1. Give the lysines whose C-alpha is closer than 27 Å to that of K53, dropping any in the same chain fewer than 8 places away, or say none.
2. Report the label-to-label distance for V101 and R66 in nanometres (one decimal), using points 7 Å from each Cα along the Cα→Cβ vector.
3. Can you give the local net charge around D58? Use residues other than it whose beta-carbon is closer than 10 angstrom to its beta-carbon, Lys and Arg +1, Asp and Glu -1.
4. Under the rule of at least 5 residues apart or a separate chain, name every residue whose amide H is placed under 5 Å from the amide H of Q99.
5. Less than 13 Å Cβ to Cβ from R69, Lys/Arg counted +1 and Asp/Glu -1: what total charge do the surrounding residues give?
6. In nanometres, what is the gap between the two model label sites at D91 and Q47, each 7 Å from Cα along Cα-to-Cβ?
7. Spin-label point model (7 Å from Cα, Cβ direction): what's the T77 to K37 distance in nm?
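Since every read-out is calculated from the coordinates, none of them should be taken as a lab result. Predicted model, so just to flag it, every value in this text is computed and none were measured. Cβ sites come from the backbone with ideal geometry, for glycine too, and all protein chains shown count toward neighbours.
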Amino acid sequence: MIRKLLILASLAGFLLAVSPQVWPQSQNSQQDQQAPKVHSVTGKVTQVETGGKAFSMDVNQGSDKRPMRFVVDKGTTVQGHVAAGTTASVDYQPDSNGQLVALTVKEESAQSQ
């Protein structure tokens with residue numbers, strides 16, 4: 001009887017020691033999968049596609065310029081007048097198809113260049 005009680009107490013202690021290590025890790029991995037990171041870039045808009053559903057811009061990456069294409073959806077916020085030749089900053093997230101979805105697009109004033 002005492003042996004069974006000791007075994008149950010040991011098992012309960014083991015489960016309590018292990019469970020905090022298991023649950024937070026699985027909750028964090030679910031949060032990582034549900035909320036993609038938001039990235040920010042600033043560059044010169046090179047093209048706005050017809051209808052304004054997408055645009056491209058050149059972003060400085062060290063001494064090189066890298067072209068990037070962003071899609072615009074109903075949740076995108078645009079601040080200022082953004083057109084080809086405009087310097088703009090973009091906050092974006094990749095979607096499940098690998099497209100870069102613009103969350104906010106902000107025209108940068110000539111003073112900040």
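1. K37, K44, K65, K74, K106
2. 2.2 nm
3. Working: positive: K44, K65, R66; negative: D64.
Here the count lands on +2.
4. For Q99, whose amide H was placed from the backbone, there are no distant partners under 5 Å.
5. On the way: positive: K53, R66; negative: E49, D58, D95.
Local net charge: -1.
6. So the two model labels end up 2.8 nm from each other.
7. Result for the modelled spin labels: 2.2 nm.
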